[in-house]
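What follows is a set of notes on a single structure, which appears directly below.
The values are calculated or read from the model by the stated rules, or taken from the named source; none is laboratory data. Here the structure is a predicted model, which means the values were calculated and not measured. We place every Cβ from the backbone using ideal geometry, glycine too, and count neighbours over all the protein chains shown. For the accessible areas, the whole protein counts, side chains as well, though only heavy atoms, and no ligand, DNA or RNA atoms are used. Shrake-Rupley method; radii C 1.70, N 1.55, O 1.52, S 1.80 Å.
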Amino acid sequence: MSADPEYDAAIDEIRTKANRVQATLAKVRGTGTAGNGAVSATVDAAGHLRGLKLPRDAHRLGDRLASLILEAAANAERDAATKSAAAMLPLTDDSRVVEGLKSVREAFGTPPRSTAPLTDAEVEAADDAYFARLNGAAVYDEA
């Protein structure tokens, strides 16, 4: 607590908003379909796949099945991103939060983003790790 009750009240209000946003984000689910609804995917706010529905005769889709799954997942990710952005509005529309983040960026700078594309080996390792976690298996790094 500070000596300024208004400051303390503002911090408490922002903390309450942040807790509500966090709880809302934990419940966000994005859904997407492909193939005229034949394939549907569900992801959480972070874009992690949480559900996948395929038709009983999925084998009849043949080589198209993989691309339909990816399309449905991408549509679900876009849906989740839209819902997440809406869930964040109590914070992102609060000028005090925006100004506070701006001050932090000015003081510490913005971390550099890597623009280098992943190598084939890095993509394969990331895919392997993702599917291993999805299936509850332990992930081992061979490097």
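Quick notes on this one:
- Which listed residue, of PRO90, PRO5, PRO112, is more than 30 Å from ASN135 (Cβ to Cβ), touching a Lys or Arg at 6+ places or on another chain (Cβ under 7 Å) and not small (Gly, Ala, Ser): PRO90
- Residue within segment 126-134 that is loosely packed, with under 11 Cβ neighbours inside 10 Å, in a helix (DSSP H, G or I) and without any contact (Cβ under 8 Å) to a residue 60 or more places away in the chain present: yes
- When THR42 is tested against (1) modelled with pLDDT of 95 or more; (2) over 30 Å from ASN135 (Cβ atoms), exactly one condition is not met: (2).
- The one condition from (1) farther than 14 Å from THR82 by Cα; (2) without any contact (Cβ under 8 Å) to a residue 24 or more places away in the chain; (3) not hydroxyl-bearing (Ser, Thr, Tyr) that LYS27 does not meet is (1).
- Selection from segment 58-84 of residues that are among the hydrophobic types (A, V, I, L, M, F, W, C), open to solvent by 30 Å² or more (accessible area, probe 1.4 Å) and closer than 22 Å to THR24 by Cβ: ALA81
- Of the set (1) open to solvent by 60 Å² or more (accessible area, probe 1.4 Å); (2) among the acidic types (Asp, Glu); (3) more than 21 Å from the chain's Cα centre (by Cα), all apply to ASP94 but (1).
- Contact map, segment 80-98: first residue of a type in the set (D, E, K, R), second residue open to solvent by less than 60 Å² (accessible area, probe 1.4 Å) and part of a helix (DSSP H, G or I), Cβ cut-off under 8 Å, separation 6 or more or different chains; pairs are ASP94/ILE14; ASP94/LYS17; ARG96/ALA10; ARG96/ILE14.
- Tallying residues that are touching a Leu at 6+ places or on another chain (Cβ under 8 Å) and farther than 30 Å from ASN36 by Cα within segment 71-125 yields 2.
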